[in-house]
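Written out below as structure tokens is the structure these notes cover.
The values are calculated or read from the model by the stated rules, or taken from the named source; none is laboratory data. None of these values were measured; they are calculated from a predicted model. Don't worry about glycine lacking a Cβ; one is built from the backbone with ideal geometry, like all the others, and counts go over all protein chains shown. For accessibility, only protein heavy atoms count, side chains too; no ligands or nucleic acids. Shrake-Rupley method; radii C 1.70, N 1.55, O 1.52, S 1.80 Å.
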Amino acid sequence: QVQLVESGGGLVQPGGSLRLSCAASGIIFSMYRMGWYRQAPGKQRELVATMFIGGSTNYADSVKGRFTITRDNAKNTVYLQMNSLKPEDTAVYYCKGTAGGNMYWGQGTQVTVSS
């Protein structure tokens, strides 16, 4: 059974930091492209960051320079370090693993940026 489990969300003040984790099981993690997405109330889910198998990354323009995606294949985990958080970063954050025709989503973790 494939599982992607996110953790690390919470309430943080503007300018603060959080690190999200997504632990995967049931897949050969190193063969999966891993991504972080977010969905704010009333908005469509959007791509935040992607890490490819070879280690290259890409980011949404809105988070470039503030967010960093990394992965630890030994721990089957992908991370999203979020710095200089803004109220507009408030959303449910999801991780997604993709390989060939397979795609798996986590259940999401809430991030709220508010004073």
### Query
If the cut-off is 18 Å between C-alpha atoms, which aspartates and glutamates fall inside it for LYS96, apart from same-chain ones fewer than 8 positions away?
GLU6, GLU46, ASP72
### Query
Any idea of PHE52's accessible area? Nearest 10 Å², probe 1.4 Å.
80
### Task
Please report, in debye to the nearest 20, how large the charge dipole of the stretch 1-75 is about its Cα centre when each Lys and Arg carries +1 at its beta carbon and each Asp and Glu carries -1 there.
80
### Query
Taking amide hydrogens as modeled 1.01 Å from N in the peptide plane, which residues meet the under 5 Å criterion relative to ARG71, leaving out close sequence neighbours?
TYR79
### Task
Compute the length gained on full extension between GLN39 and GLN81: take 0.36 nm times their separation in residues and subtract their Cα-Cα distance, giving the result in nm to one decimal.
13.4 nm
### Query
On full extension of the chain, what length is gained from SER115 through ARG19, given 0.36 nm per residue of separation minus the C-alpha to C-alpha distance?
32.7 nm
### Query
In the stretch 2-50, carbon and sulfur make up what percent of the accessible area (probe 1.4 Å)?
50
### Task
Could you pull the accessible area for THR77 with a 1.4 Å probe, rounded to 10 Å²?
10
## Note on the structure
Per its Cα gyration tensor (rounded if a/c is under 1.5, else prolate when a/b beats b/c, else oblate), the stretch 1-80 is best filed as prolate
